[in-house]
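The next block holds one structure in the form of structure tokens; read it before the comments.
The values are calculated or read from the model by the stated rules, or taken from the named source; none is laboratory data. The shown structure was predicted, so the numbers you read here are calculated from the model rather than taken from an experiment. Every residue, glycine as well, gets a Cβ built from its backbone with ideal geometry; the counts of neighbours run over all protein chains shown. The area values use the complete protein model at the heavy-atom level, side chains included, leaving out ligands, DNA and RNA. Shrake-Rupley method; radii C 1.70, N 1.55, O 1.52, S 1.80 Å.
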Amino acid sequence: MKRYFSLILCCLLVICGTFTAGCKSSALDEGNSSENSSQENISGKPLRFCIDIGWGTFYMGGIERPAKAFLELCKNAGGPENVEPEIIPPEGEERDAAVQRLRTEIMSGSGPDVFLVNSCSSYWKSPLFPYPDQSMANRLFLPLNDLMEASQFTNWEEQIPVVMDAGKLEGQQYLLPAAYTFPVTLCKAEIAPQTGEPLTRSEVLRSGDPLLRASALYTHGQFGGPYGYYISDLLAPLADYSAGRPVFTEEELLSEILRSAELEQRDLEGEFDSAPGFLRTNFGVDFPADPVSGIAAQGNPLAFLPLFDEDGDISASVTAFAGINANTENPEGAFFLLDYLFSRDYLTRNTPMEVTLCDWLYRSFALPVDGALGQEEFPILSWWLSEENFQAYSNMRDRISTVRFCTPLDGEIDHLFVECGMTFRSEELSESEKQEKIASAVSEAYQALKQMISES
């Protein structure tokens, strides 16, 4: 009898133990599943972080090392552990093959989870997303509003609104502008012309002040960075995608090409040599100091002379952006990477002996979108503006009315101007031949722009 009861008791203990273990196992699995839902894709595959911001051999050692260092920081901050960086080659056949493969994946419902993209690659290489506005309209990216409300690291209200708006569609934030720039002429505040109200481009060119007239020359000058001539800033916004045509007319394009070519010729002939020291640049972090004019970030108070278009507006360009694939299985894990990437903790890291993603995004030709960065309290790459110069920069920034993504349209217009500028300066052609050749080139380019927009 004792053996019988002992056997029953053992069976009961085994059953209870199995049931208890099963409950514990189920609870642990549920907990792990909940935790891992924000760490890994449902399929168990690594979270793919696609980076396309490289400039060839811009930095020795490439971008792989800073990318891996960034992901390690994210992991240490509680982010996803299983992340695979995917670097798009900067040029050549390898790049073309990688871009084509990724486009195919995205259109088939897969592809990388997160993208960090240089939008200015349109100038000389095939961009992954040639027309970001159309990519948003085609819903290739995940809407981010709900995720942004739960951010751990980035205060999105501190981002410059007019720049952030470039990544919005119908009230939803689909893309996060990561860097931007604008053409500007810098001079010492003590010699700056007083512009007062916004001026039209025609008013600037009619000015009796040679320094103010010099600011109308949109070419990049000594330190322009890799973003072309920025004639597009005088015509922005460039495209009406719904109508499938440029926003400006062919006549307006021809007029600006001729006027700008003439202005460049006047500059080459020394018309602006009498102007006091100034520096034309596409404004960005660590812009080179000019030893001739004495212009430097922490030097004398500076004045920012903007490039006004014919309506008196000022334009800027998004040079890099980030987004999440609409097909991602793990939006929380993907957003964690972007939340940390845009955080002040990461952007203001003082790592003089370490190249970071920030070097690739900002150095010498672009700015972060956090409106507080760039002053002494929040330096970027150890660079900052003096209090007076940061205020001057902020005032200039607040006047920006149009912000666009760089697209192949910019490259087409840029190439057009280079061609027309060479024609304008030709000594082998008569004036009538120059006018005819330039008008023909503009007409051909305008038709190309229309086709590019309609096929975007």
Can you classify region 109-216 as rounded, prolate or oblate using the Cα gyration tensor, where a ≥ b ≥ c are the square roots of its eigenvalues, rounded means a/c under 1.5, and otherwise it's prolate if a/b beats b/c and oblate if not?
prolate
Give, as a single signed number, the net charge of other residues whose beta carbon lies under 13 Å from the beta carbon of L142, with Lys and Arg counted +1 and Asp and Glu -1.
-3
Less than 13 Å apart at the alpha-carbon level, and either on another chain or at least 8 residues along: which aspartates and glutamates does that give for K437?
E419, E428
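Once you list every other residue whose beta carbon is under 15 Å from the beta carbon of E387, what net charge do they have if Lys and Arg are +1 and Asp and Glu are -1? Present the calculation step by step, with values, prior to reporting the outcome.
On the way: positive: none; negative: E376, E377, E388.
Neighbourhood net charge equals -3.
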For region 363-456, what relative contact order do you get, as a whole percent, if you take Cα pairs closer than 8 Å and at least 6 residues apart?
17
Å² per residue, accessible surface of region 268-382 at 1.4 Å:
33
Return the aspartates and glutamates within reach of K168: Cα separation strictly under 18 angstrom, same-chain partners fewer than 8 residues apart disregarded; answer none if there are no such residues.
D133, D146, E149, E157, E158, D240, D339, D370
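Name the shape class, rounded, prolate or oblate, that the alpha-carbon gyration tensor gives for region 240-356, where a ≥ b ≥ c are the square roots of its eigenvalues, rounded holds for a/c under 1.5, and otherwise prolate holds if a/b is larger than b/c and oblate otherwise. Provide the component values of the computation, followed by the final result.
On the way: a/c = 3.47, a/b = 1.29, b/c = 2.69.
Taking the square roots of the gyration eigenvalues as a ≥ b ≥ c, region 240-356 is oblate.
I'd like to compare 385-398, 310-323: which one has the highest average count of other Cβ atoms within 10 Å, and what's the full order after that? Can you show the working numbers first?
Working: 385-398: 16.9, 310-323: 22.9.
Descending packing order for the listed peptides: 310-323, 385-398.
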Placed amide H near T319: partners under 5 Å, 5+ positions off or other chain
A179, Y180, T181
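Using 0.36 nm per residue, how much length does the chain from D96 to R259 gain when fully extended, once their Cα-Cα distance is taken away? Before the final figure, lay out each step's value.
Working: separation 163, 0.36 × 163 = 58.68 nm, distance 3.70 nm.
So the extension gain works out to 55.0 nm.
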Sorted peptide list for 418-429, 75-86, criterion being average Cβ within 10 angstrom, highest first
75-86, 418-429
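Order 170-181, 152-163, 89-100 from most to least packed using the mean count of other Cβ atoms within 10 Å.
Values: 170-181: 22.2, 152-163: 16.1, 89-100: 14.2.
By packing density, highest mean first, the sequence is 170-181, 152-163, 89-100.
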